[in-house]
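Chemist: Structure below; questions to follow.
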């Protein structure tokens, strides 16, 4: 099994999660990397990706594991067959599926265009009530791990998984409070157990 880190930029940020899965499958086929499939009437390739990222959000920290037969330079083979935007940054052989959808606990993002504010105005609050896209009341504060301005950008770390907070939803909240318009939102890092 091979685990790899890859980018989702240069237009690829507009691929849905399912389209990205198909893209990776086709890239592996073009590269001559034989992926094992599930058993049963309708077999699927054993490709295991991290949790979906919202459309339009770029990333330089996406993760995937592939149950495959390959002994060469995975990065070189993948990148030679993948179009612009989805490029392998690093890879390693693993004995078991790292289950990135579960293992990744939080992610760091950056955004430009938001009006500067004191991060303590958010971090010192005990709770921040908001309504998510499904109409549920949630506490944003418990989902925010870090927040700071540097070099004209806002850097923020949000929880993933069960207490996931979408970066675009968080940016909209900040726009409503402080003004500005978030642009060029990029996922920079993922944190968790044995991520890479």
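The values are calculated or read from the model by the stated rules, or taken from the named source; none is laboratory data. From a predicted model like this one, the values you see are computed outputs, not experimental measurements. Cβ placement follows ideal geometry from the backbone for every residue including glycine, while neighbour counts extend to all protein chains displayed.
Chemist: Return the total of residues in region 66-82 being in a loop (DSSP other than H, G, I, E, B) and touching a helix residue (DSSP H, G or I) at 6+ places or on another chain (Cβ under 8 Å).
Modeler: Of the residues in region 66-82, 2 are in a loop (DSSP other than H, G, I, E, B) and touching a helix residue (DSSP H, G or I) at 6+ places or on another chain (Cβ under 8 Å).
Chemist: How many of the residues making up region 126-146 are in a loop (DSSP other than H, G, I, E, B) and either outside the structural domain of residue 164 (by TED's automatic domain parsing) or surrounded by 13 or more Cβ atoms within 10 Å (Cβ to Cβ) (or both)? Quick ask: steps written out before the conclusion?
Modeler: We begin by selecting, within region 126-146, every residue in a loop (DSSP other than H, G, I, E, B); these are 126-128, 132-136, 140.
When the remaining residues are screened for being either outside the structural domain of residue 164 (by TED's automatic domain parsing) or surrounded by 13 or more Cβ atoms within 10 Å (Cβ to Cβ) (or both), the result is 128, 132, 140.
Total meeting the criteria: 3.
Chemist: Anything in region 25-63 that is in contact (Cβ under 8 Å) with a residue 24 or more places away in the chain, assigned to a loop (DSSP other than H, G, I, E, B), over 20 Å from the mean Cα position of the chain (by Cα) and surrounded by fewer than 16 Cβ atoms within 10 Å (Cβ to Cβ)? List them, or say none.
Modeler: Scanning region 25-63 gives 32, 36.
Chemist: How many residues are in contact with a strand residue (DSSP E or B) (Cβ under 6 Å, 6 or more places away or on another chain) and either free of Cβ contacts under 8 Å to residues at least 12 places away in the same chain or surrounded by fewer than 18 Cβ atoms within 10 Å (Cβ to Cβ) (or both) if we restrict to region 69-80? Steps first, please.
Modeler: First, pick out the residues of region 69-80 that are in contact with a strand residue (DSSP E or B) (Cβ under 6 Å, 6 or more places away or on another chain): 69, 74-75, 78-79.
Restricting the remaining residues to those that are either free of Cβ contacts under 8 Å to residues at least 12 places away in the same chain or surrounded by fewer than 18 Cβ atoms within 10 Å (Cβ to Cβ) (or both) gives 69, 75, 79.
Count: 3.
Chemist: Looking at (1) out of contact with any helix residue (DSSP H, G or I) (no Cβ under 6 Å at 6 or more places or on another chain); (2) exposed (fewer than 14 other Cβ atoms within 10 Å of the Cβ), which is the one condition that is false for residue 115?
Modeler: Evaluating residue 115 over (1) out of contact with any helix residue (DSSP H, G or I) (no Cβ under 6 Å at 6 or more places or on another chain); (2) exposed (fewer than 14 other Cβ atoms within 10 Å of the Cβ) leaves (1) as the failure.
Chemist: For residues in region 91-105 being over 12 Å from the mean Cα position of the chain (by Cα) and not in a strand (DSSP E or B), which is surrounded by the fewest Cβ atoms within 10 Å (Cβ to Cβ)? Explain how you work it out, then say what you get.
Modeler: Going residue by residue through region 91-105, those that are over 12 Å from the mean Cα position of the chain (by Cα) are 91-99, 102-103.
Within this subset, residues satisfying the condition of being not in a strand (DSSP E or B) are 94-99, 102-103.
Details: 94: 14, 95: 5, 96: 9, 97: 15, 98: 22, 99: 14, 102: 15, 103: 19.
Among them, the one singled out is 95.
Chemist: Any residue at all in region 117-125 that's closer than 24 Å to residue 188 by Cβ, free of Cβ contacts under 8 Å to residues at least 40 places away in the same chain, assigned by TED's automatic domain parsing to the domain that holds residue 158 and under 18 Å from the mean Cα position of the chain (by Cα)?
Modeler: No, region 117-125 has no match at all.
Chemist: Conditions first: (1) within 14 Å of residue 53 (Cβ to Cβ); (2) out of contact with any helix residue (DSSP H, G or I) (no Cβ under 9 Å at 6 or more places or on another chain); (3) not in a strand (DSSP E or B). Residue 176 passes all but one, so which condition is the exception?
Modeler: All conditions are met except number (1).
Chemist: Being surrounded by 15 or more Cβ atoms within 10 Å (Cβ to Cβ), closer than 25 Å to residue 168 by Cα, outside the structural domain of residue 108 (by TED's automatic domain parsing) and within 22 Å of the chain's Cα centre (by Cα) narrows it down to one residue among 66, 86; which is it?
Modeler: Going through 66, 86 in turn, the sole match is 86.
Chemist: To continue, here is another question. Kindly indicate whether residue 149 is out of contact with any strand residue (DSSP E or B) (no Cβ under 7 Å at 6 or more places or on another chain), closer than 22 Å to residue 12 by Cβ and not assigned by TED's automatic domain parsing to the domain that holds residue 62. I'd like the intermediate steps shown before the answer.
Modeler: Details: out of contact with any strand residue (DSSP E or B) (no Cβ under 7 Å at 6 or more places or on another chain): yes; closer than 22 Å to residue 12 by Cβ: no; not assigned by TED's automatic domain parsing to the domain that holds residue 62: yes.
In short, no.
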